[in-house]
Amino acid sequence: AGCGDEAKGTAAAATATGTTTTVSLVPQHDATEEWDGGLLDLLPLIDYLILSELEARCIARRDSDSASIEELAAFFHEKSCTTCVVVTLGSRGAVALKDGKIAHTQKAPMTFEDPVDPTGAGDAFVSGFLHGIYHGTTTGSTGRGSVSSGDDDEGTLLASGLLHGCVLGTSCVMRQGASVPASKDEIDALVDACT
């Protein structure tokens, strides 16, 4: 199945009312390896598209060994100059692609040779990213780097989104089971490790 008329209508209506639209494929795989479910047609109606590095490379039809993140930025910009594409990079963190270039990068707060359980890390990243762009904070328990949610600087909100996405994604792989949340203290410690 692809992005049909109903999805396009819903996204168009949301865009018309000023509602922010976000799409995440994490974790998604196209068994047909065509990677063409109509998403690129829908892209101009999406504010934030969140993809894993594998998904981004497959959708862009770029070989994983030869394509750079900059090439992915150019590809997605050509398809929609208004969409911010967020690419998760596993233990390397994440990048936000906007206006045909890398708008912001965020390293993961820590890396693991053998994560306890990666199940749910992509979903955790998305929830952290959305929290960050809507609440606009880059602070943990130390209070360093705080940003007001009323700040109109999209770059600042992207930084907050990527920070919180990487923190929650990392916290998810530190324990067995995707439904066991990290404590506020654990999350604050990871935020502090990044700032």
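The values are calculated or read from the model by the stated rules, or taken from the named source; none is laboratory data. Treat the numbers as computed from the prediction; the structure is a model and nothing was measured. Here the Cβ is made from the backbone with ideal geometry for all residues, glycine too, and neighbour counts use every protein chain on show. Just so you know, the surface numbers come from the protein's heavy atoms only, side chains and all, with ligands and any DNA or RNA stripped out. Shrake-Rupley method; radii C 1.70, N 1.55, O 1.52, S 1.80 Å.
Just a few scattered comments:
- For the range 73-114, taking the residues that are open to solvent by 30 Å² or more (accessible area, probe 1.4 Å), β-branched (Val, Ile, Thr) and assigned to a loop (DSSP other than H, G, I, E, B), the one that is modelled with the lowest pLDDT is identified as 111.
- Single residue of the range 25-65 satisfying the filter (of a type in the set (A, V, I, L, M, F, W, C) and part of a loop (DSSP other than H, G, I, E, B)) that is modelled with the lowest pLDDT: 26
- Residue in the range 42-59 that is touching an Asp or Glu at 6+ places or on another chain (Cβ under 8 Å) and open to solvent by 30 Å² or more (accessible area, probe 1.4 Å) present: yes
- Count - residues of the range 174-194 that are in a helix (DSSP H, G or I), open to solvent by 20 Å² or more (accessible area, probe 1.4 Å), touching a helix residue (DSSP H, G or I) at 6+ places or on another chain (Cβ under 8 Å) and of a type in the set (A, V, I, L, M): 1
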